[in-house]
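This report concerns only the one structure given below.
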Amino acid sequence: MDLFKPMDNLDDKTDGQNKQVEEREHVKCLIIGSGPAGYTAAIYSARANMEPVLYQGMEPGGQLTITTDVENFPGYPDGISGPALMEDLKKQAERFGTDIRWGSATAVDFSRIPHKVTIDDKKVIEADTVIIATGASAKYLGIPAEKKYAGSGVSACATCDGFFYKGKDVAVVGGGDTACEEALYLAGLARKVYMIVRKPHLRASKIMQHRVMNTPNIEILFEHNTKDLFGDGVVEGAVLIKKKGTPGEEEVKIKIDGFFLAIGHKPNSDIFQEYIETDDIGYIKTIPGTARTNVEGVFACGDVQDRVYRQAVTAAGTGCMAAIESERYWAEKYAQTK
């Protein structure tokens, strides 16, 4: 791997006094993102002698770093904390030679090969192959209590954390299909599920509305907004604002043990959208059954391209796919010349 290529041009400062050399580097495989998808892609790429360089991004380890216990990832019969799981994956990737670095991709140019990715607005990586594993970020309400009780009653994934609330009372925020799916899943575990819906109706499909409304332990609180959460170290309840005609509001408190956000996710794909095809929300489109994008040599894996499952194990699976396809692409295109 040609780590530090000589510079062939200079970038003049506007004041004409200082000249800054733009740092460049050429790599076979660049992985952007460090969740289960990115680390798995790194493990497979490193074992295939692709000498991967991985940039961890602004949230090293991804969303699992804010998850307390993970009990549904294969190979951990007693469960494992989210941060510990990510550390294990990181160590495994490093063991096989992955160059893991701090830094975030801030711009890309996929118009020609090699692809160019700018790191932290100052370093340009020229990569034969790029694996995008930047994930998706759950949308939050923006109240301070969400951060205060993160991992202590606040969650954005019922499938991940619902088991811990078996026989307890929980609330789901949202009125779309995702919120209904989360509420129905939790209803099979929890004693009672409140759905906190700010509108006077559900936005979900008719079939999902029917299922929710016919589940005995789900109560829908229409025209309610969450004002705050309370509890001693963990969530014990929520303070809601109930609309009472125009004008008029009423403060309502409900006792709950878990507070689940289901108001959507935002895939971290903004910097790629000039070149990479995405859907209406921003999820990267991959050719069905593959990790290939519409750009030759660029692959996507994990939650940035998965709007359906959004699980650590499925992210890891697509990370494996991206790495294998990246290596095969490189072998066909470059192996005879390098």
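How many residues does segment 120-136 hold that are in contact with a Leu (Cβ under 7 Å, 6 or more places away or on another chain) and part of a loop (DSSP other than H, G, I, E, B)?
Summing the residues that are in contact with a Leu (Cβ under 7 Å, 6 or more places away or on another chain) and part of a loop (DSSP other than H, G, I, E, B) in segment 120-136 gives 0.
Would you check if there is a residue in segment 42-59 being surrounded by fewer than 18 Cβ atoms within 10 Å (Cβ to Cβ), assigned by TED's automatic domain parsing to the domain that holds Ser326 and either closer than 30 Å to Gly151 by Cα or at pLDDT below 95 (or both)?
Scanning segment 42-59 turns up at least one residue that is surrounded by fewer than 18 Cβ atoms within 10 Å (Cβ to Cβ), assigned by TED's automatic domain parsing to the domain that holds Ser326 and either closer than 30 Å to Gly151 by Cα or at pLDDT below 95 (or both).
Filter segment 196-224 down to residues that are among the polar types (S, T, N, Q) and farther than 16 Å from Ala171 by Cβ and give me whichever is surrounded by the fewest Cβ atoms within 10 Å (Cβ to Cβ).
Across segment 196-224, the extreme among qualifying residues is Asn214.
For segment 121-145, which residues satisfy the criterion of being at pLDDT 95 or above and touching a Phe, Trp or Tyr at 6+ places or on another chain (Cβ under 9 Å)?
Matches in segment 121-145: Ile125, Asp128, Thr129, Val130, Ile131, Ile132, Ala133, Thr134, Ala145.
The values are calculated or read from the model by the stated rules, or taken from the named source; none is laboratory data. Quantities reported herein were computed from a predicted structural model and do not represent experimental measurements. Note that we place each Cβ from the backbone using ideal geometry, even for glycine, and neighbour counts take in every protein chain shown.
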